[in-house]
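The values are calculated or read from the model by the stated rules, or taken from the named source; none is laboratory data. Just so it is clear, the model here is predicted, and its values are computed rather than measured. Positions of Cβ are backbone-derived with ideal geometry, glycine not excepted, and every protein chain shown enters the neighbour counts.
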Amino acid sequence: MSEALFEATLDVLPPSVNEMYVHTRWGPRPSAKMKKFKAAAKVAIAKQLDFDSEPLDPNEAHSFVVDYYLPALFNKGWPGKAKTRFKRRDVSNLIKVLEDVVAECLGIDDSCFVDERVRKHDGSKEDFVGLHLRIFRCDEPEYQ
């Protein structure tokens, strides 16, 4: 991959999928936790924008890479008490809200993210809980 066109570090994680929405008689609505995450993420991204650089081209294909640093990646009781080695935090469900926030902050549509990579890390080993995101120009020939 080439040099990142944009990167940011956020010391906040999106809420779990079960906590993103509240269900009302009018349908699902964003929860207070979701609104709080979006507000904090927008502020963090805005603080890391380089206003001297060229804006992202909304008609260019981009790769979106996210590293989630979770409070704990492994179950302490495994292999004895815990059924699985890894904690049940499914980051693939968290990507959409992050895509939306990033696209809104950068003034592009998230449809230009044609390649996405998501990884989980043990934040306790890194002494960091949050996420690191990067956007690259997608070099795949089919998107040129």
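Key figures
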{"read-out": "Hey, LYS125 assigned to a helix (DSSP H, G or I), of a type outside the set (Val, Ile, Thr) and either on the phi > 0 side of the Ramachandran plot or exposed (fewer than 14 other Cβ atoms within 10 Å of the Cβ) (or both) or not", "value": "yes"}
{"read-out": "Only one of ALA8, ALA41 that is outside any strand (DSSP E or B) and under 18 Å from ASP110 (Cα atoms)", "value": "ALA41"}
{"read-out": "In the stretch 21-48, the residues that are among the aromatic types (Phe, Trp, Tyr) and either in contact with a Ser or Thr (Cβ under 8 Å, 6 or more places away or on another chain) or under 16 Å from ASN93 (Cβ atoms) (or both)", "value": "TYR21, PHE37"}
{"read-out": "Single residue of the stretch 47-86 satisfying the filter (more than 19 Å from the chain's Cα centre (by Cα) and basic (Lys, Arg)) that is farthest from LEU98 (Cα to Cα)", "value": "LYS81"}
{"read-out": "Cβ-Cβ under 8 Å pairs, at least 6 apart or on other chains, the stretch 118-136 side more than 30 Å from PRO58 (Cα to Cα) and at pLDDT 90 or above, far side of a type outside the set (Gly, Ala, Ser) and assigned to a helix (DSSP H, G or I)", "value": "none"}
{"read-out": "Checklist (1) of a type in the set (Ser, Thr, Tyr); (2) modelled with pLDDT under 90; (3) closer than 23 Å to VAL43 by Cβ applied to TYR68, failing item", "value": "(2)"}
